[in-house]
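Novice: Below is the structure I would like to discuss, written out as structure tokens.
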């Protein structure tokens, strides 16, 4: 601790009269919203994290409880005295992440947690989560926990990459930044997040060592401009050199597995001068919050990875510069603020060919928001279902879900977005308040759908609608009582940005549930209606002929039979069929369906986001219904029904003659 | 060096760290383009040597001195590498004030302020050809070894502590020129550490935390610390084997096997309304180490919120003094009295953070003497800080209200005490704080706030300055003595006496005695020269601080848009009279 504190003490702490006197004794806390995010996707995107606030807001959590768990190493040893972070999405009332410590048997416990959706991050130096390839694939969606959960995590020693950096004359280079950037996961699928990027310095012998690496493939470059702060080391004088002695296009990927060390990853600098890109910022550059930093990202076009970030701050925030940029194609995106206050520029495509580029212009525009309310419908008064539903639920988790345990994702319903879009979260997760109010900020223009991951198997999403006139008023009133939203909202109004447009849900919401966001559109009054009485089904797929082999990579679709549901994406469901040929679908609306198994679409290895449900596309819906009707695997789901023994054949055998 | 109170230094440090923590590398920042776009005609030459030998290939960098960056984050303005003979040349430099450094991380710089953790200033006039900005260095030494646990497994990510054992002083921290690589101070995935660029001398190497209150540390996001273990795996500092490093040497195999984990205890408490005694749920709080006198905080974590019963629980506290306190949140009206407690050898309970409605301040910031819209626009981007001088333990405040486009500001949740106002960055774009008025009356010494007082109608009067003072320091014998450190402050003559030590602008003079202050507004200033006898160049050993010379004061009147020349004559005899060797 002492050495760490000492070593990070800035030189200028004692440098001048002005600094020491003027800053006499001042300390302050920075709100989470002011912390620039090093990852390409912000750690907590989406929901209204504009201002921290006392939790004395209108809505108290539904309940309090405990999340406990255990950290083990892959060789069966408990990981003791290790820290575990617990963070919440914190839609309206952000909380600081909690940190816990494991005991001698590797156990940890977070008590007195308000109900909500939590993510858990073990922090064991040198170790990473052990994930099966299937889990790795599912990583694209974050895992959340709720109170009462017991979380057992297995960790394994991470990989290491080490080597020596020499200059063009063969001399070792001391204190040079080396960036180790994961470009593919262990399954070989492209990644587009900086979460697994490491930056290390070469030592006095020119040796670097990056350790604790997630399995996967990495690009190793020497002399990178830092995405991360490292205050004392001069920036490089030349364009980065990639392992072994290449430009980016000629770089050799280095792959590591759990516990594996790749040594001899030596880099010889190419001594190639980089170029300077500079330009100006205009448009919605002013923030309504205290810290007005704008960051400009330099995105390598072909990979979509951020190569460098320029932080523009201070009193004169009108221009930006990148130094030592290698020849190549890039996209520049400027971004500022979080939540409802966020703004960004459209990507600007630049080709660097042997010369500096000046006079680039980035115009920031306000980003969009979607707000509304998730609510639980009162159970129908007359018919049968409710008691049976309760009984069945008792077998597993007796505690009913709470609205604030729902994770809502605002998913961009468009895979063909232009270049440079990756700096903005494409699929921000949000958590509603206990009263169901939710707000997504930082939305780039595009078509969105709200996906709700429900905390209770008895629930299903019945509809996504626009609030009626009364509904709009009600939700507006609820929002104005929310201390978190108030300050930013009023400032927003006083800033009177012409780019900001308030839009009623009815004008943005289309009949199939998608929401159109234009530049700075602020959509209010979206109602996500959740009903009880959901059904669940599980089963297995058998080969169509006895003794035959099952086709690999199958996907199961649930297709509504009622013609009036044919265009309601909420009534469609789909899931991968697991390697053991089993499948499970939950949170299903009662009704009449067809089941359809068919080969899963071939995944795009360069696509880093979860596949979009087929049913979001009108043509695909029609196609699914045609095929499902032909396959004639019919099923009727009663309210609360739990069917575990479905057997399906693929390819389908001839339907029974009627 | 100034004899600032320790807590002030620590708090300042914490602020700076918090700013730095959110400040990625600024090397691509805007000022670079601005500075270099007006290429000048000045040049700087010098030599980098070790012993009698010139060092080749060393990077020498000229850095912007703009206050908004701070020296350690300043963008590079010009750079050069030394030739075979150790010589460098920086050219095409515009007139101005800069910092200069030689980046040679495997060496120990012995020639300049860097050895004291300070930047070296250079003032350049248009067309100046400054010669002899030399750097002398000694080859640094290396300590390397491995840290393992009792079962022989590597201890990963464990911070290494080096303390220097000195003949003059019993124990001293490692000099701060080893700043640039934090990770060098921790073990890697094999348990191996390697620390280089160390000055020759005697060192004690240890990991873990000592038992006893003065060394109590909050395990911020961290693990429970090990009981402090010195090389070679002993827990008593007197049994530690001293590692002797000569210039350029490498001490290998400095291995440590850690002992047991230190003791850890729990603390329970509540957050209550001071008036009614009712528990308050959902209040955000944190805790940190404090000293025996309970005057300052030495670190704190992100904290947590009280539960539905207003309770909080803190775990993994090693013995020591602590303070639990409320984290003031934006727009919150609450203020919490810090609760100080000591952990000795058992769990602690019954801690209470008492919360009451805080005082508030509101008003408007105005710029005097200009109607220029571009100047007014700068106002919005300034950060106002309100610093509360309090009785007892000072805890962090979130008193950083935003200045709205119309100049208004509002801050709630303040404790009782004396409020002082500061702008960040200081003297940004020529704007500085001239005076503070309450109901038309200028406040002579900050604003005294009573508990819960709601003050409105404040006026922060800023001025816009474009005047420049160019100065030089001479002595009776002519040149400034080698190693002498000079700093000059400029304070408005019309500023109230009591306020003066909180305001003003200060700069370092370069070793030729030149200094440059810009962004001053029209008016009369009291300029004060502080001179500190420096270190003896070429000695890597830490040198004791010496008392400063008698300050030299003179009054100077400046006018916006003009440049004023000032000369200070320093009486070096005062060094003999008041100094101590």
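Novice: Within the stretch B:371-401, which residues are more than 10 Å from every other protein chain (Cβ to nearest Cβ) and either in a strand (DSSP E or B) or surrounded by 18 or more Cβ atoms within 10 Å (Cβ to Cβ) (or both)?
Specialist: Across the stretch B:371-401, the qualifying residue is only B:393.
Novice: Oh, and also: Could you check residue A:88 against (1) farther than 20 Å from residue A:186 by Cα; (2) crowded, with 21+ Cβ neighbours inside 10 Å; (3) modelled with pLDDT of 90 or more and say which number it fails?
Specialist: The one condition residue A:88 does not meet is (3).
Novice: Answer yes if at least one residue in the stretch B:285-296 is at positive phi and surrounded by fewer than 17 Cβ atoms within 10 Å (Cβ to Cβ), and no otherwise. Outline the logic, then answer.
Specialist: Just the residues of the stretch B:285-296 that are at positive phi, to begin with: B:294.
When the remaining residues are screened for being surrounded by fewer than 17 Cβ atoms within 10 Å (Cβ to Cβ), the result is B:294.
Checked the stretch B:285-296: at least one residue is at positive phi and surrounded by fewer than 17 Cβ atoms within 10 Å (Cβ to Cβ).
Condition check ((1) surrounded by 17 or more Cβ atoms within 10 Å (Cβ to Cβ); (2) in a strand (DSSP E or B); (3) modelled with pLDDT under 85) across all residues:
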| position | (1), (2), (3) |
| --- | --- |
| A:418 | no, no, yes |
| A:465 | yes, yes, no |
| A:470 | no, no, yes |
| A:474 | no, no, yes |
| A:477 | no, no, yes |
| A:482 | yes, no, yes |
| A:490 | no, no, yes |
| A:493 | no, no, yes |
| A:506 | no, no, yes |
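Novice: Follow-up question, since we're still on this one. Name the single residue that is nearest to residue B:274 (Cα to Cα) among those in the stretch B:299-340 being in contact with a helix residue (DSSP H, G or I) (Cβ under 8 Å, 6 or more places away or on another chain) and more than 7 Å from every other protein chain (Cβ to nearest Cβ).
Specialist: Step one: list which residues in the stretch B:299-340 are in contact with a helix residue (DSSP H, G or I) (Cβ under 8 Å, 6 or more places away or on another chain), which gives B:299, B:319-321, B:330-331.
Narrowing further to those that are more than 7 Å from every other protein chain (Cβ to nearest Cβ): B:299, B:319-321.
Values: B:299: 26, B:319: 28, B:320: 26, B:321: 23 Å.
Checked the stretch B:299-340; the qualifying residue nearest to residue B:274 (Cα to Cα) is B:321.
Novice: Test of understanding: among A:122, A:97, which residue is under 22 Å from residue B:187 (Cα atoms), modelled with pLDDT of 70 or more and either within 22 Å of the chain's Cα centre (by Cα) or away from every other protein chain (no Cβ under 13 Å) (or both)? Before you say what the answer is, go through the steps one by one.
Specialist: Working: A:97 fails: under 22 Å from residue B:187 (Cα atoms).
Criteria check complete, one pass: A:122.
Novice: Shifting gears a bit: Considering only residues that are away from chain B (no Cβ under 12 Å) and under 14 Å from residue A:103 (Cα atoms), look in the stretch A:72-91 and name the one that is nearest to the chain's Cα centre (by Cα). Outline the logic, then answer.
Specialist: First, the residues of the stretch A:72-91 that are away from chain B (no Cβ under 12 Å): A:72, A:74, A:76, A:78, A:89, A:91.
Next cut, under 14 Å from residue A:103 (Cα atoms) only: A:72, A:78.
Numbers: A:72: 26, A:78: 30 Å.
The qualifying residue nearest to the chain's Cα centre (by Cα) is A:72.
Novice: Given the conditions (1) within 10 Å of another protein chain (Cβ to nearest Cβ); (2) surrounded by fewer than 21 Cβ atoms within 10 Å (Cβ to Cβ); (3) at pLDDT below 80, and given that residue B:192 satisfies all but one, which numbered condition is not satisfied?
Specialist: (3)
Novice: Of all residues in the stretch B:335-349, which are surrounded by fewer than 21 Cβ atoms within 10 Å (Cβ to Cβ) and more than 15 Å from residue B:286 (Cα to Cα)?
Specialist: B:342, B:344, B:345, B:346, B:347, B:348, B:349
Novice: Only one of B:414, B:433, B:423 is within 14 Å of another protein chain (Cβ to nearest Cβ) and in contact with a helix residue (DSSP H, G or I) (Cβ under 9 Å, 6 or more places away or on another chain); which? Walk me through how you get there before you give the answer.
Specialist: Details: B:414 fails: in contact with a helix residue (DSSP H, G or I) (Cβ under 9 Å, 6 or more places away or on another chain); B:433 fails: in contact with a helix residue (DSSP H, G or I) (Cβ under 9 Å, 6 or more places away or on another chain).
Result: B:423 is the single residue among B:414, B:433, B:423 that is within 14 Å of another protein chain (Cβ to nearest Cβ) and in contact with a helix residue (DSSP H, G or I) (Cβ under 9 Å, 6 or more places away or on another chain).
Novice: Does the stretch B:165-186 hold any residues that are more than 22 Å from the chain's Cα centre (by Cα) and either assigned to a strand (DSSP E or B) or at pLDDT 95 or above (or both), and which are they?
Specialist: Answer for the stretch B:165-186, where residues must be more than 22 Å from the chain's Cα centre (by Cα) and either assigned to a strand (DSSP E or B) or at pLDDT 95 or above (or both): B:165, B:186.
Novice: What number of residues within the stretch B:76-101 are surrounded by 18 or more Cβ atoms within 10 Å (Cβ to Cβ), within 27 Å of the chain's Cα centre (by Cα) and either closer than 15 Å to residue A:237 by Cα or without any contact (Cβ under 8 Å) to a residue 24 or more places away in the chain (or both)?
Specialist: Matching residues across the stretch B:76-101 total 3.
Novice: Suppose we filter the stretch B:401-411 for residues that are over 27 Å from the mean Cα position of the chain (by Cα) and over 19 Å from residue B:435 (Cβ atoms); how many remain?
Specialist: 4
Novice: Any residue at all in the stretch B:462-484 that is more than 10 Å from every other protein chain (Cβ to nearest Cβ) and under 30 Å from residue B:334 (Cα atoms)? Quick ask: steps written out before the conclusion?
Specialist: Our first condition is that a residue be more than 10 Å from every other protein chain (Cβ to nearest Cβ); within the stretch B:462-484, this holds for B:462-484.
Of the ones still in play, those that are also under 30 Å from residue B:334 (Cα atoms) are B:462.
For the stretch B:462-484, residues more than 10 Å from every other protein chain (Cβ to nearest Cβ) and under 30 Å from residue B:334 (Cα atoms): present.
Novice: Among the numbered criteria (1) within 14 Å of another protein chain (Cβ to nearest Cβ); (2) buried (at least 17 other Cβ atoms within 10 Å of the Cβ); (3) outside any strand (DSSP E or B), which one does residue B:445 miss?
Specialist: Among (1) within 14 Å of another protein chain (Cβ to nearest Cβ); (2) buried (at least 17 other Cβ atoms within 10 Å of the Cβ); (3) outside any strand (DSSP E or B), residue B:445 violates only (2).
Novice: In contact with a helix residue (DSSP H, G or I) (Cβ under 9 Å, 6 or more places away or on another chain), surrounded by 19 or more Cβ atoms within 10 Å (Cβ to Cβ), at pLDDT 65 or above and not in a strand (DSSP E or B), is that true of residue B:534?
Specialist: yes
Novice: Could you check, for the stretch B:430-440, whether at least one of its residues is more than 21 Å from residue B:521 (Cα to Cα) and surrounded by 17 or more Cβ atoms within 10 Å (Cβ to Cβ)? So that I can check it myself, show each step before the final result.
Specialist: Just the residues of the stretch B:430-440 that are more than 21 Å from residue B:521 (Cα to Cα), to begin with: B:438-440.
Applying the additional criterion that residues be surrounded by 17 or more Cβ atoms within 10 Å (Cβ to Cβ) yields none.
No, the stretch B:430-440 has no match at all.
Novice: Within the stretch B:143-158, can you find the residues that are closer than 13 Å to residue A:126 by Cβ and surrounded by fewer than 15 Cβ atoms within 10 Å (Cβ to Cβ)?
Specialist: Within the stretch B:143-158, B:153 is the sole residue that qualifies.
Novice: Kindly evaluate residue B:404 against the criterion of being assigned to a loop (DSSP other than H, G, I, E, B), buried (at least 22 other Cβ atoms within 10 Å of the Cβ) and within 14 Å of chain A (Cβ to nearest Cβ). Break it down stepwise before answering.
Specialist: On the way: assigned to a loop (DSSP other than H, G, I, E, B): yes; buried (at least 22 other Cβ atoms within 10 Å of the Cβ): no; within 14 Å of chain A (Cβ to nearest Cβ): yes.
So residue B:404 fails the test.
Novice: Being within 30 Å of residue B:411 (Cα to Cα) and in a loop (DSSP other than H, G, I, E, B) is the filter here, so list the residues in the stretch A:248-301 that pass it.
Specialist: Correct list: A:284, A:285, A:286, A:287, A:288, A:289, A:290, A:291, A:292, A:293.
Novice: Out of the residues in the stretch A:320-377 meeting the condition of being outside any strand (DSSP E or B) and within 14 Å of chain B (Cβ to nearest Cβ), tell me which one is nearest to residue A:245 (Cα to Cα).
Specialist: In the first step, residues of the stretch A:320-377 are kept if they are outside any strand (DSSP E or B); the result is A:326-327, A:337-342, A:346-347, A:353-356, A:367, A:377.
Next, only the ones that are within 14 Å of chain B (Cβ to nearest Cβ) stay: A:337-339, A:341, A:356.
Values: A:337: 38, A:338: 39, A:339: 42, A:341: 43, A:356: 23 Å.
My answer is A:356.
The values are calculated or read from the model by the stated rules, or taken from the named source; none is laboratory data. All figures in this text were calculated on a predicted structure; none of them were measured in a lab. Using ideal geometry, Cβ is built from the backbone for each residue, glycine included, and neighbour counts are taken over all protein chains shown.
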